[in-house]
Amino acid sequence: MFYVLSGILSFFVAAFIGAVIIGLIAVVSIYITRDARKYKMNARFWIAVVILLQFIGLCLYWHARKRLCDKRCPVCGAGIPQGNENCILCGVTLQSVRPIKNSVGRFLVGIGASYQVFLIFMYILISISELFI
C-alpha cells in the first residue's frame, strides 16, 4: 500500500514540476519573441538558444541585445536600436528631447541615494546593537 501511495505522489510531483518547467519555457519564449521583434533580431534562433542553453542562453541573448543599442533614451534610459529614432519603451522622439545642461538634478538624486544608504546602514547597526542589549 505504501509503495502505491508513494508512486502516485511521485507521479503528481513530477507532473507538477514538468508543468512548471513548460510554463516557464512558454513565458520566456513569449518574452524573447516580443523583445526580439523590437530590436529586429531573429526570434526563432534566440528561442532555440535559450531552450537549449537555458539560463546561459538568456544571458547571451541579453548581452547580444545590449550590443545592438548604440544610443540611450535621455528620458527613460532604455537602449535604442540602430536605425530607430523613437524610444522603444516611452516612445519619445530623440530630436524633440533636449539634454540637461546642468547637473543639479543629478547631484540631488545622488544625495538622496546616499542618504537612503546611510539610513539603511544605521538601521542595520541599530538592529545588531539590540542583539547585545
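Structure above, values below:
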item	result
Dipole moment magnitude, nearest 20 debye, the chain about Cα centre, only Lys, Arg, Asp, Glu C-beta charged	740 debye
Read-out semi-axes √(5λ) of the Cα gyration tensor in Å, derived from the coordinates shown; its label in (i) 36, 14, 12; (ii) 24, 20, 17; (iii) 41, 33, 11	(iii)
Residue-averaged 222 nm ellipticity for the chain, from DSSP H runs of 4+ at -39500 (n - 2.57), nearest 500	-23500 deg cm²/dmol
Against the rule of thumb 2.2 N^0.38 Å, how large the Cα Rg of region 2-72 comes out	1.58
Helical segments meeting 24 Å axial Cα length and Kyte-Doolittle 1.0 threshold in the chain (DSSP H)	2-38, 104-131
Reachable aspartates and glutamates, given that their alpha-carbon falls under 17 Å from the alpha-carbon of LYS38 and they are not under 8 places away in the same chain	ASP70, GLU85
Long-range HN-HN contacts of LYS71 with modeled amide H, under 5 Å	ILE80
Contact order relative to length of the chain, as percent, for alpha carbon pairs under 8 angstrom and 6 or more apart	9 percent
Those aspartates and glutamates that a straight Cα-Cα span of less than 15 Å connects to LYS66, excepting residues fewer than 8 apart in one chain	ASP35
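The numbers here are math on the coordinates, done by the rules we state, and not lab data. Here the structure is a predicted model, which means the values were calculated and not measured. Neighbour counts are summed over all protein chains in view; Cβ atoms, including those assigned to glycine, are modelled from backbone coordinates with ideal geometry.
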